[in-house]
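A.B. asks: For reference, the structure I am asking about is given below.
The values are calculated or read from the model by the stated rules, or taken from the named source; none is laboratory data. Because the structure is predicted, anything quoted here is derived from the model rather than measured. Don't worry about glycine lacking a Cβ; one is built from the backbone with ideal geometry, like all the others, and counts go over all protein chains shown.
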Amino acid sequence: MHRVALGIEYVGSAFAGWQTQQAGVRTVQRELEKALSEVAAHKVDLICAGRTDAGVHAREQIAHFDTDAIRSMRAWALGANTHLPGDISVSWAMPAPMHFHARYSAEGRTYRYFILNRGVRSALVGKAAAMAFRPLDHDLMARAAPLLLGHHDFSAFRSAQCQSNSPVRRLTRLTVARSGEWIAIEATANAFLHHMVRNIVGLLIAVGRGEQPPGWAKEVLESRDRSCGAATAAAEGLYFWHVQYPAAFGLPLPPAMMAGSAGLRI
């Protein structure tokens, strides 16, 4: 038996999230396990770095599985892609030591959220980014962001459906950047609560609209009360962006991408 690690990208728009659910529900995990099982000639069970919600995309999801099938790493990736639908792709496969664990070995996770901020909808962007029709002041948003950094109880940013035993997380990076009509928000933490990133983005959008001052971010955080925050941002702007592991595992970095006619490098 040996372990294989995978890099996976997907467009989440037509999926009910990562995790396999009841029969008939389309999920990323179900499609991948079905495809990999064809290549392995046995049932494959995947463990991922972070389970994404319905509509959320992934530039770099990491997963692993155990197998006794002997295949080249190229065969795992290309073979899986042969059996996968067009909105999922295995970008790489590599051997991993048996102590590697896609979830528990991760030292940090990064999400990015993309907003197209203009007064009319885009025919090109579709569900690849969120739309914000009212002007957003990204400088105000950037002033609010650092107030959420650190090791905190993020109860004010977790959903009612969150099943985590603890609301405490360590948010190490939260940035806001604009390029033309595009705004990108990046968040890195040891782990995230259910809807945590989307709720943070919702707060930053409210600040960007001028509905609340930047200091409101600290008030909401300290309240530990979800009802004190802003509306949850839409799923389509959110990307599971990067997973950080100890360098000793030697996992490859994902390629850079470009978003939209503004050429915002993502």
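A.B. asks: Got at least one residue in the range 184-206 being exposed (fewer than 15 other Cβ atoms within 10 Å of the Cβ) and farther than 20 Å from His242 by Cα?
C.D. replies: No, the conditions are met nowhere in the range 184-206.
A.B. asks: For the range 44-70, which positions are basic (Lys, Arg) and closer than 16 Å to Glu33 by Cα?
C.D. replies: Once the filter is applied, which keeps residues that are basic (Lys, Arg) and closer than 16 Å to Glu33 by Cα, the range 44-70 yields only Arg51.
A.B. asks: Let me ask something else about it. Taking the stated definitions as given, is Ser166 farther than 17 Å from Gly50 by Cβ and either free of Cβ contacts under 8 Å to residues at least 24 places away in the same chain or assigned to a strand (DSSP E or B) (or both)?
C.D. replies: Judged against the criteria, Ser166 is not a match.
A.B. asks: When the residues of the range 18-72 are narrowed to those that are out of contact with any strand residue (DSSP E or B) (no Cβ under 8 Å at 6 or more places or on another chain) and basic (Lys, Arg), which ends up surrounded by the most Cβ atoms within 10 Å (Cβ to Cβ)?
C.D. replies: Arg30
A.B. asks: Further, regarding this structure: Working only within the range 138-161, note down all residues that are within 19 Å of the chain's Cα centre (by Cα) and of a type in the set (A, V, I, L, M).
C.D. replies: Matches in the range 138-161: Ala145, Leu148, Leu149.
A.B. asks: Any residue at all in the range 132-148 that is under 20 Å from Asp53 (Cα atoms) and not in a strand (DSSP E or B)?
C.D. replies: Checking the range 132-148: not a single residue is under 20 Å from Asp53 (Cα atoms) and not in a strand (DSSP E or B).
A.B. asks: Also, quick follow-up: Based on what the data block shows, is Asp87 of a type outside the set (S, T, N, Q) and at pLDDT below 95?
C.D. replies: No; evaluated as a whole, the condition is false for this residue.
A.B. asks: Conditions: (1) at positive phi; (2) more than 21 Å from the chain's Cα centre (by Cα). His195 meets all but one. Number of the miss?
C.D. replies: The failed condition is (2).
A.B. asks: Of everything in the range 73-107 that's buried (at least 19 other Cβ atoms within 10 Å of the Cβ) and of a type outside the set (A, V, I, L, M, F, W, C), which residue is nearest to the chain's Cα centre (by Cα)?
C.D. replies: Among those that are buried (at least 19 other Cβ atoms within 10 Å of the Cβ) and of a type outside the set (A, V, I, L, M, F, W, C), it is Ser105.
A.B. asks: Please find, among Gly79, Gly55, Gly86, the residue that is free of Cβ contacts under 8 Å to residues at least 12 places away in the same chain and of a type in the set (Gly, Ala, Ser).
C.D. replies: Gly86
A.B. asks: Also: Please list, ordered by first then second residue, the pairs with beta carbon atoms under 7 Å, 6 or more apart or interchain, first in the range 206-227 and assigned by TED's automatic domain parsing to the domain that holds Ile115 and over 20 Å from Gly119 (Cβ atoms), second at pLDDT below 95 and hydroxyl-bearing (Ser, Thr, Tyr).
C.D. replies: So the pair list comes out empty.
A.B. asks: Among residues belonging to the range 149-183 that are aromatic (Phe, Trp, Tyr) and touching a strand residue (DSSP E or B) at 6+ places or on another chain (Cβ under 6 Å), point out the one that is surrounded by the fewest Cβ atoms within 10 Å (Cβ to Cβ).
C.D. replies: Among those that are aromatic (Phe, Trp, Tyr) and touching a strand residue (DSSP E or B) at 6+ places or on another chain (Cβ under 6 Å), it is Trp182.
A.B. asks: Looking only at the range 34-72, count every residue that is within 20 Å of the chain's Cα centre (by Cα) and small (Gly, Ala, Ser) and tell me the total.
C.D. replies: Qualifying residue count for the region: 6.
A.B. asks: Continuing with this model, one more query. What number of residues within the range 99-139 are within 26 Å of Val168 (Cα to Cα) and in contact (Cβ under 8 Å) with a residue 60 or more places away in the chain?
C.D. replies: Number of matching residues: 12.
A.B. asks: Oh, and also: Among the residues of the range 207-254, write down those that are of a type in the set (A, V, I, L, M), crowded, with 21+ Cβ neighbours inside 10 Å and assigned to a helix (DSSP H, G or I).
C.D. replies: Val207, Ala217, Val220, Leu221
A.B. asks: Of the residues Arg178, Arg112, Arg169, Arg134, only one is at pLDDT 95 or above, of a type outside the set (Phe, Trp, Tyr) and in contact with an Asp or Glu (Cβ under 7 Å, 6 or more places away or on another chain); which?
C.D. replies: Going through Arg178, Arg112, Arg169, Arg134 in turn, the sole match is Arg112.
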